[in-house]
Amino acid sequence: MSLRSITRLADIVEVLRKECPWDREQTLFSMRYQALEEVYEFIEALERGDREKMVEEIGDILTVALMLLKIAEDEGVGSAKEIVERTVSKLVYKHPHIFGDRKGWGMKEVLENWENTKKDGILSGVDTRRPALVTAHRIGEKVARVGFDWDRKEDVLEKVKEECREFLEAPDEERRREELGDLLFALAQYARKAGYYAEDALREANTKFKERFRRLEEEAKREGRRLKDMSLEEMDEIWERIKES
């Protein structure tokens, strides 16, 4: 890792913060969605296997991190020295198998120690403001480390069926909304036990739907029709042809 390159980028960020009208106006609060956006753009590039885009997005994430560091100083949240030193101390503390006297630990011991460093409970580090399916997956991972988990994915599937029945039999919309949440949580746990993320599956479904709908629009246009003038049955007929193709 080239510290000289990172220092050069940090210098540029500092210049932008002083001289660029847009960058001068930014706050930690205003940067929150940009930080999220850059991470998601990296994930998208990663899933596509687009190396050039991954390189670009990692650079964007690093730029945002350095900008947040500079803004934190400007807003009096903390100096760069304080932020970096606290981060270093935390990493050293949580990795005694690297920096301490716990040499030779395997993955099991590392994960157990990581959870033991949590001062406020196993789920204290889970931020429920994250994407909900990601959070559900993370909750499942954490409680599974202390044995609070199903033995097999087939057992989770039975839970999914149970939650689906409760959703369908809910007496009113308030209860149905609650049961929908339970169903989605159970589905996220099934995905975890099966070895993948429900978030990824849903994102792939979103992408597939978006592509099929784009083709639906193109097909309608090719036939000289507009979607808003077509019936649902007419659109569905084209949709089924697209699915079959």
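The values are calculated or read from the model by the stated rules, or taken from the named source; none is laboratory data. This one's a predicted model, so the numbers in the text were calculated from it and none came from an experiment. As a convention, Cβ positions derive from the backbone with ideal geometry for all residues, glycine included, and neighbour counts pool all protein chains shown.
Looking across region 38-71, just one residue is of a type in the set (A, V, I, L, M, F, W, C) and more than 22 Å from Ser5 (Cβ to Cβ), and that is Ile43. Within region 75-95, count every residue that is in contact with a helix residue (DSSP H, G or I) (Cβ under 7 Å, 6 or more places away or on another chain) and assigned to a helix (DSSP H, G or I). The total comes to 4.
Counting the residues of region 14-61 that are among the aromatic types (Phe, Trp, Tyr) and either over 23 Å from Arg129 (Cα atoms) or surrounded by 12 or more Cβ atoms within 10 Å (Cβ to Cβ) (or both) gives 3. Taken together, Glu174, Glu166, Glu178 contain a single residue that is at pLDDT 95 or above and surrounded by 15 or more Cβ atoms within 10 Å (Cβ to Cβ), which is Glu166.
Screening the candidates Phe209, Phe167, Phe148 for the property of being free of Cβ contacts under 8 Å to residues at least 24 places away in the same chain and under 27 Å from Ala45 (Cα atoms) yields one hit, Phe209. Do the conditions hold for Glu41, that is, is it under 30 Å from Ala205 (Cβ atoms), modelled with pLDDT of 95 or more, part of a helix (DSSP H, G or I) and acidic (Asp, Glu)? Answer is no for this residue.
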